[in-house]
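Engineer: Below: one structure in structure tokens.
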Amino acid sequence: MTEPSRVFLYAEFQASKPFTEAVWTEANPAMRTVEGLISKTWLSGINTHSVGGFYEFDSIGNARAYAEGMLAGFAKGANACLTVKIFDGDVVATASADMNSPYFTA
């Protein structure tokens with residue numbers, strides 16, 4: 001199986017306070033050092049205090065290393081359960097471009 005050149009990671013954990021009070025200002029500088037991280041879009045659950053993100057990575061290995069390392073550490077520090085899913089960005093490229101995804105151009 002060929003490894004995809006684009007990998008998307010979805011992550012979410014339950015926080016005890018709203019996103020506006022979250023530690024993203026501290027997390028962003030640390031995340032900028034993550035190997036293979038191309039971008040992150042922060043996510044905040046409506047009326048749930050869940051916090052997460054939609055990430056783009058250059059490889060499965062780098063996405064997995066982030067999930068098992070820094071991301072797991074963030075969740076542990078928040079005493080929260082973490083949900084992570086990793087997706088193949090290559091197989092969905094044509095369909096996503098057809099839907100005007102900002103991550104793909106037609």
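Engineer: Inside the stretch 4-57, can you point out the residues that are surrounded by 14 or more Cβ atoms within 10 Å (Cβ to Cβ), in a loop (DSSP other than H, G, I, E, B) and among the small types (Gly, Ala, Ser)?
Structural biologist: ALA15, ALA22, GLY36, GLY45
Engineer: Return yes when ALA65 is under 19 Å from GLU3 (Cβ atoms), out of contact with any Lys or Arg (no Cβ under 9 Å at 6 or more places or on another chain) and outside any loop (DSSP other than H, G, I, E, B) and no when it is not.
Structural biologist: Against the criterion (under 19 Å from GLU3 (Cβ atoms), out of contact with any Lys or Arg (no Cβ under 9 Å at 6 or more places or on another chain) and outside any loop (DSSP other than H, G, I, E, B)), ALA65 qualifies.
Engineer: In the stretch 79-96, is there at least one residue being modelled with pLDDT under 90, surrounded by 11 or more Cβ atoms within 10 Å (Cβ to Cβ) and more than 20 Å from ARG6 (Cα to Cα)?
Structural biologist: So far as the stretch 79-96 goes, yes, one or more of its residues are modelled with pLDDT under 90, surrounded by 11 or more Cβ atoms within 10 Å (Cβ to Cβ) and more than 20 Å from ARG6 (Cα to Cα).
Engineer: Given the conditions (1) without any contact (Cβ under 8 Å) to a residue 12 or more places away in the chain; (2) among the hydroxyl-bearing types (Ser, Thr, Tyr); (3) surrounded by 13 or more Cβ atoms within 10 Å (Cβ to Cβ), which single one is not true for THR105?
Structural biologist: Unmet condition: (3).
Engineer: Yes or no: the stretch 83-94 includes at least one residue that is among the hydrophobic types (A, V, I, L, M, F, W, C), outside any strand (DSSP E or B) and touching a helix residue (DSSP H, G or I) at 6+ places or on another chain (Cβ under 6 Å).
Structural biologist: no
Engineer: Oh, and also: Within the stretch 64-106, which residues are among the basic types (Lys, Arg) and closer than 25 Å to LYS17 by Cβ? Give the derivation first.
Structural biologist: Just the residues of the stretch 64-106 that are among the basic types (Lys, Arg), to begin with: 64, 76, 85.
Answer for the stretch 64-106, where residues must be among the basic types (Lys, Arg) and closer than 25 Å to LYS17 by Cβ: LYS76, LYS85.
Engineer: Being at pLDDT below 90 and either surrounded by 15 or more Cβ atoms within 10 Å (Cβ to Cβ) or assigned to a loop (DSSP other than H, G, I, E, B) (or both): is that true of ASN100 here?
Structural biologist: Spelling it out, it is not the case that ASN100 is at pLDDT below 90 and either surrounded by 15 or more Cβ atoms within 10 Å (Cβ to Cβ) or assigned to a loop (DSSP other than H, G, I, E, B) (or both).
Engineer: Scan THR25, THR41 and give me the residue that is among the hydroxyl-bearing types (Ser, Thr, Tyr) and under 13 Å from the mean Cα position of the chain (by Cα).
Structural biologist: Numbers: THR25 fails: under 13 Å from the mean Cα position of the chain (by Cα).
Being among the hydroxyl-bearing types (Ser, Thr, Tyr) and under 13 Å from the mean Cα position of the chain (by Cα) holds for just one of THR25, THR41, which is THR41.
Per-residue answers, yes or no, for (1) more than 20 Å from GLU68 (Cβ to Cβ); (2) not small (Gly, Ala, Ser):
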{"residue": "SER5", "(1), (2)": "yes, no"}
{"residue": "SER16", "(1), (2)": "yes, no"}
{"residue": "PHE19", "(1), (2)": "yes, yes"}
{"residue": "ALA27", "(1), (2)": "no, no"}
{"residue": "SER44", "(1), (2)": "yes, no"}
{"residue": "GLY52", "(1), (2)": "no, no"}
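The values are calculated or read from the model by the stated rules, or taken from the named source; none is laboratory data. The shown structure was predicted, so the numbers you read here are calculated from the model rather than taken from an experiment. Because the Cβ atoms are built from the backbone with ideal geometry, glycine has one as well, and the counts that use them run over all protein chains shown.
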